[in-house]
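Contents: one structure, followed by commentary.
The values are calculated or read from the model by the stated rules, or taken from the named source; none is laboratory data. In this text the structure is predicted, and so the values were computed from the model without any measurement. Note that we place each Cβ from the backbone using ideal geometry, even for glycine, and neighbour counts take in every protein chain shown.
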Amino acid sequence: MRERRKFKRARKFFAVNIISVDAKGKHLRFDTIKNNPKFCDESGLDFSPEGMKIMCSKPLPEESKLQMKMLIPDEESLNLIRVNGEIRWFKQIKGKYRKYFVIGVRFRDISPDDKEKLIRLWKKYK
């Protein structure tokens with residue numbers, strides 16, 4: 001299978017906070033839901049300047065638009081990066097005790113400062 005990505009993914013675990021999801025015009029903001037805050041806290045598995053892979057506890061519809069915060073550590077600090085993205089693919093994984101979902105996200109909107117931070121971290125971990 002031919003690789004379609006321009007950038008190799010940096011394999012690094014990090015925290016991802018999904019703030020909101022917009023699926024076909026239906027908008028959800030997880031930061032306002034008090035009874036299920038765990039839903040929005042997920043784990044990033046790898047990233048590049050163009051996207052990332054997330055291990056998620058709930059299925060999210062393909063082509064949904066996401067608003068997220070990534071928290072990527074390095075030796076000096078935790079780096080907060082705010083980004084909007086779109087789900088490109090997902091698959092369900094059946095674990096020994098529960099099922100979870102792996103989701104591929106392509107970045108859509110990111111500020112120049114956050115893009116610079118992301119590229120610096122990507123170069124460090126790739």
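With respect to residue 83, determine if the residue is in contact with a Gly (Cβ under 6 Å, 6 or more places away or on another chain) and not charged (D, E, K, R).
Criteria not met by residue 83.
Conditions (1) out of contact with any strand residue (DSSP E or B) (no Cβ under 9 Å at 6 or more places or on another chain); (2) in contact (Cβ under 8 Å) with a residue 24 or more places away in the chain; (3) crowded, with 18+ Cβ neighbours inside 10 Å; (4) farther than 27 Å from residue 25 by Cβ, marked per residue:
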position	(1), (2), (3), (4)
48	no, yes, yes, yes
80	no, no, no, yes
91	no, no, no, no
96	yes, no, no, yes
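Does residue 115 satisfy the criteria of being touching a residue at least 40 places away in the same chain (Cβ under 8 Å) and either out of contact with any strand residue (DSSP E or B) (no Cβ under 6 Å at 6 or more places or on another chain) or of a type in the set (S, T, N, Q) (or both)?
Numbers: touching a residue at least 40 places away in the same chain (Cβ under 8 Å): yes; either out of contact with any strand residue (DSSP E or B) (no Cβ under 6 Å at 6 or more places or on another chain) or of a type in the set (S, T, N, Q) (or both): yes.
Yes.
Do you know which of the residues in the stretch 94-108 that are modelled with pLDDT under 90 and assigned to a strand (DSSP E or B) is nearest to residue 12 (Cα to Cα)?
Here is the first cut: in the stretch 94-108, the residues modelled with pLDDT under 90 are 94-100.
If we keep only those that are assigned to a strand (DSSP E or B) as well, we get 94, 99-100.
Values: 94: 22, 99: 22, 100: 19 Å.
That would be 100.
Of the conditions (1) in a strand (DSSP E or B); (2) out of contact with any helix residue (DSSP H, G or I) (no Cβ under 7 Å at 6 or more places or on another chain), residue 83 satisfies every one except a single condition; which number is it?
That leaves (2) as the condition not met.
On the given criteria, is residue 64 modelled with pLDDT of 85 or more, touching a helix residue (DSSP H, G or I) at 6+ places or on another chain (Cβ under 8 Å) and either of a type in the set (Ser, Thr, Tyr) or closer than 16 Å to residue 122 by Cβ (or both)?
It is false that residue 64 is modelled with pLDDT of 85 or more, touching a helix residue (DSSP H, G or I) at 6+ places or on another chain (Cβ under 8 Å) and either of a type in the set (Ser, Thr, Tyr) or closer than 16 Å to residue 122 by Cβ (or both).
Before we move on, is residue 111 farther than 18 Å from residue 7 by Cα, surrounded by fewer than 16 Cβ atoms within 10 Å (Cβ to Cβ), modelled with pLDDT of 95 or more and out of contact with any Cys (no Cβ under 7 Å at 6 or more places or on another chain)?
yes
For residue 119, only one of the following conditions fails: (1) of a type outside the set (D, E, K, R); (2) part of a strand (DSSP E or B); (3) within 15 Å of residue 50 (Cα to Cα). What is its number?
In the conditions (1) of a type outside the set (D, E, K, R); (2) part of a strand (DSSP E or B); (3) within 15 Å of residue 50 (Cα to Cα), residue 119 misses (2) alone.
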